[in-house]
C-alpha cells in the first residue's frame, strides 16, 4: 500500500481537542461536516486546502487528550493519507488503526521534512521517500496493512467474516 501527498507539519502534543474541537463532539456527525472542522483551531486553512493523500507530520505525543474517535475520523474524512510523528498517544494510535489511518513513528522523518514537501510512503516496505531523502521505518504487519486497505477495522472484520 502506497500513499503520496503533501506534508502538513505541526509540533508536539497536538491534542484531540485541537484536532477536532470538543464543542462539535455531540453536534457534528456528518462526515463531510466533520472534515470541515479538522484542525480548525490549529490551522484554519487545513480543512479547505488538504488534498486526498496528504500527510500530517507531528512531534511528540500526537493525539494526546481524550479518547474521542472524532479526532481521527475527521482527518480520515478530510482525506489525510497518513500521520507520521515522533510518538503518539496510545489510544490515538489505536484509533488510527481502527479507522484505517496509518500512524507511523519516525523521529528522523519529523526532523527532516518541512511543510509542503511531497512524500511517498510504502507501508509494506517501511519507506518514506521525499526530495530530502529516503527514510526507513519498521514495515507494518500484513494484518494492519489489510485493515488500512479495507478502510478500517470494522470493514476489515466484516470482509474476513464474509459479511460484505
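Numbers for the structure displayed
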{"quantity": "Elements of type strands (runs of 3 or more DSSP E) contained in the range 12-106, each with 3 or more residues being buried (at least 20 other Cβ atoms within 10 Å of the Cβ) and touching a strand residue (DSSP E or B) at 6+ places or on another chain (Cβ under 6 Å)", "calculated": "55-58, 82-85"}
{"quantity": "Complete set of residues in the range 149-163 that are on the phi > 0 side of the Ramachandran plot and within 17 Å of the chain's Cα centre (by Cα)", "calculated": "151, 152"}
{"quantity": "Test for residue 110: is it assigned to a helix (DSSP H, G or I), farther than 12 Å from residue 72 by Cα, under 15 Å from the mean Cα position of the chain (by Cα) and at pLDDT 95 or above", "calculated": "yes"}
{"quantity": "Flag if residue 109 is within 21 Å of residue 61 (Cβ to Cβ), touching a strand residue (DSSP E or B) at 6+ places or on another chain (Cβ under 9 Å) and touching a residue at least 40 places away in the same chain (Cβ under 8 Å)", "calculated": "yes"}
{"quantity": "Enumeration of residues in the range 126-145 that are exposed (fewer than 13 other Cβ atoms within 10 Å of the Cβ), modelled with pLDDT under 95 and in a loop (DSSP other than H, G, I, E, B)", "calculated": "138, 141"}
{"quantity": "Any pair with Cβ under 8 angstrom, 6 or more apart, that starts in the range 112-138 at a residue that is on the phi > 0 side of the Ramachandran plot and without any contact (Cβ under 8 Å) to a residue 24 or more places away in the chain and ends at one that is assigned to a loop (DSSP other than H, G, I, E, B) and surrounded by 13 or more Cβ atoms within 10 Å (Cβ to Cβ)", "calculated": "126/137; 126/139; 126/140"}
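Here's the yes/no breakdown for (1) in contact (Cβ under 8 Å) with a residue 40 or more places away in the chain; (2) touching a helix residue (DSSP H, G or I) at 6+ places or on another chain (Cβ under 9 Å); (3) within 22 Å of residue 120 (Cβ to Cβ):
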residue: 1; (1), (2), (3): yes, yes, yes
residue: 31; (1), (2), (3): yes, yes, no
residue: 74; (1), (2), (3): yes, yes, no
residue: 77; (1), (2), (3): yes, yes, no
residue: 85; (1), (2), (3): no, yes, yes
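The values are calculated or read from the model by the stated rules, or taken from the named source; none is laboratory data. None of the values given here were measured: they were computed from a predicted structure. In this analysis, Cβ positions are derived from the backbone assuming ideal geometry, glycine residues included, and neighbour counts consider all displayed protein chains.
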